[in-house]
Amino acid sequence: MLPQILISVGFLLACGLVLATLLLLAEKKILNYGTCQIDVNAGRKTLAVEGGASLLASLAEHNVFIPSACGGRGTCAYCKVKVLDGGGQVSPIEAPYLTPEERQDQVRLSCQVKVRKDLKIDIPAELFNVVRFRARLAHKRPLTHDIVELRLELLDPSAITFDAGQYVQLESPDYKGRESVMRGYSISSRPADTHLIELIIRRVPDGICTTWVFDHLQEGQEVVFSGPYGFFHLNDSQAPIICIAGGSGMAPIWSLIRDMRDKGIARPATYFFGALTQRDLFFRDEFKQIEQECPWLHFVPALSQEPADSDWTGERGLITEVVARHFPDASQHEAYLCGSPGMIDASIAVLTQNGMPQENVFYDKF
Ligand SMILES: Cc1cc2nc3c(=O)[nH]c(=O)nc-3n(C[C@H](O)[C@H](O)[C@H](O)COP(=O)(O)OP(=O)(O)OC[C@H]3O[C@@H](n4cnc5c(N)ncnc54)[C@H](O)[C@@H]3O)c2cc1C
Ligand code: FES
């Protein structure tokens with residue numbers, strides 16, 4: 001009985017797959033949209049594209065790169081642009097990601113808008129600076145059991161300009177039957193190093209891009225990425241700083257702190273770095289060194305699952321508990337947070353309960 005059920009289910013699945021493929025082919029062949037014009041930012045660029053693809057892909061083909069952390073699946077909402085004319089109806093996939101104000105402003109998910117006719121769109125001016133780079137992997141260095149640091153030396157173009165806190169989108173190629181994808185990674189190197197970028201990447205079990213990085217990408221190999229993207233950067237103020245990060249969330253903060261040192265910005269900064277146990281900590285020696293150079297910096301690693309009888313003498317507990325102990329009054333500070341959505345939301349709750357205005361909290365969730 002069971003084999004018959006399995007055969008029937010398999011047959012139905014195969015039929016579904018064939019039908020979906022036929023529909024896609026039909027749309028491509030039968031619905032020929034011809035060449036469409038995309039007018040970007042009221043004539044700043046006019047692109048002639050072949051209709052039928054997504055707006056996101058059509059723009060990328062003409063070197064206009066929109067952030068797309070989920071690679072066009074319609075789940076990250078990073079790819080928002082204003083479609084002023086020709087975009088059609090908001091699809092059910094887009095709807096949950098658009099606020100009433102964004103709908104009013106004609107904001108759309110560019111990965112979900114099909115180019116079927118001429119379009120008029122508006123994108124943030126910074127995105128005209130985004131470039132696609134070829135680079136060589138100069139080193140891949142393990143930082144912990146599940147985090148590596150990549151150093152990418154730029155080949156073409158050979159230099160990059162970015163603000164500490166920004167990120168790039170790394171492109172993983174097809175490998176072992178897994179599709180090519182683009183994923184966002186914060187730049188951990190200093191903006192002053194213009195001929196390379198470094199990334200700090202944590203392995204995600206069965207993740208497409210991270211499995212490629214950990215198991216397939218070799219030193220000396222060429223890689224492709226686009227960037228810089230994002231608006232996470234040091235605010236122009238004099239307020240003392242609280243940084244909170246965990247795991248690979250170290251990346252933008254590591255860049256930001258060394259950029260402050262390079263630029264002689266001496267705002268008092270306390271950096272809380274959360275990890276489970278000592279084996280999840282990294283850059284301890286680097287922070288000891290930089291604390292000696294920069295008396296304004298205080299690095300506070302905190303462990304939440306370190307065995308009670310270990311030799312660890314530093315802070316213990318959830319990072320939010322440690323922050324609350326150090327800053328019962330955070331009303332005069334600014335905060336820069338980077339890590340998982342859960343950690344960021346919990347940190348924002350603690351900081352605002354302790355008096356920090358919400359508008360003084362800046363973060364990158366991933
Ligand atoms: C702005 C930004 C900056 C970032 N910076 C960093 C950084 O500095 N360092 C870092 O390590 N990461 C960073 N990330 C996260 C990074 O972009 C990737 O999300 C992460 O590396 C996982 O990618 P992956 O391709 O390996 O995993 P994916 O293949 O995307 O899989 C992720 C998880 O989702 C599951 N999954 C995959 N596809 C589906 C599906 N269709 N349905 C349900 N579940 C699915 C997988 O099983 C896996 O558990 C950043 C993200 C953003 C948005
Ligand atoms: S690329 Fe992620 S929602 Fe469009």
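For segment 131-229, the dipole from Cβ point charges (+1 on Lys and Arg, -1 on Asp and Glu) about the Cα centre works out to 80 debye, to the nearest 20. Projecting label points 7 angstrom from Cα along Cα→Cβ for ARG279 and HIS62 puts them 5.2 nm apart. Normalised by 2.2 N^0.38 Å, where N is the number of residues, the alpha-carbon radius of gyration of the chain equals 1.12.
Taking the C-alpha atoms only, the angle from helix 2-29 to the longest principal axis of the chain is near 80 degrees.
The mean sequence separation of alpha-carbon pairs under 8 Å and at least six residues apart, normalised by the residue count of the chain, gives a relative contact order of 12 percent. If the segment from HIS195 to ALA239 were pulled out straight at 0.36 nm per residue, it would be longer than the present Cα-Cα gap by 12.7 nm. Rounded to the nearest 0.05, what FRET efficiency do LYS288 and GLU321 give with R0 = 25 Å and r taken as the Cβ-Cβ distance? Could you check? Given R0 = 25 Å and the Cβ-Cβ separation, E is 0.55. Here the label points at ARG136 and TYR175, each 7 Å from Cα along the C-beta direction, are separated by 1.9 nm in the simple model.
Provide the net charge surrounding ALA164, with neighbours chosen by a C-beta distance below 14 Å and charges set as Lys +1, Arg +1, Asp -1, Glu -1. Value of the local net charge: -2. Within the shell of other residues whose beta carbon sits under 13 angstrom from the beta carbon of CYS111, the net charge comes to +3, with Lys and Arg scored +1 and Asp and Glu -1.
Count Lys and Arg as plus one, Asp and Glu as minus one, and take only other residues whose Cβ is under 11 Å from that of CYS36; the net charge is then 0. The Rg/Rh ratio for segment 30-153, using Cα coordinates for both the radius of gyration and the Kirkwood hydrodynamic radius, is 1.07. Accessible surface calculations at 1.4 Å, restricted to protein heavy atoms, place segment 35-77 at 44 Å² per residue. Compared with the direct C-alpha span, the chain from LYS117 to LEU155 gains 10.0 nm at full extension, assuming 0.36 nm per residue. The apolar share of the surface of segment 241-365, taken as the fraction of accessible area on carbon and sulfur atoms (1.4 Å probe, ligands and nucleic acids excluded), comes to 51 percent. Compactness of segment 86-156 was expressed as the Cα radius of gyration divided by 2.2 N^0.38 Å, which yields 1.74. Once the 1.4 Å probe is applied to the protein heavy atoms, segment 98-215 comes out at 46 Å² accessible per residue.
How much solvent-accessible surface does THR46 expose, in Å² to the nearest 10, with a 1.4 Å probe and all protein chains in place? Rounded to the nearest 10, that gives 90 Å².
Length, then width, then depth: along the principal axes, the Cα atoms of segment 241-365 run 40, 33, 24 Å. In the chain, the DSSP beta bridges split such that about 65 percent are antiparallel, to the nearest 5. Across segment 170-310, the relative contact order, built from alpha-carbon pairs under 8 Å that are at least six residues apart, equals 21 percent. Over segment 131-229, the fraction of Cα-Cα pairs per 10 Å bin, rounded to whole percents and listed from the shortest bin up, is 16, 54, 28, 2. Within the straight-line cut-off of under 20 Å between alpha carbons, the lysines reachable from LYS288 are LYS263, sequence neighbours fewer than 8 places apart in one chain being disregarded.
The values are calculated or read from the model by the stated rules, or taken from the named source; none is laboratory data. Nothing here was measured: the structure is a model prediction, and the numbers come from that model. Glycine gets a Cβ as well: all are built from the backbone with ideal geometry, and neighbour counts include every protein chain shown. For accessibility, only protein heavy atoms count, side chains too; no ligands or nucleic acids. Shrake-Rupley method; radii C 1.70, N 1.55, O 1.52, S 1.80 Å.
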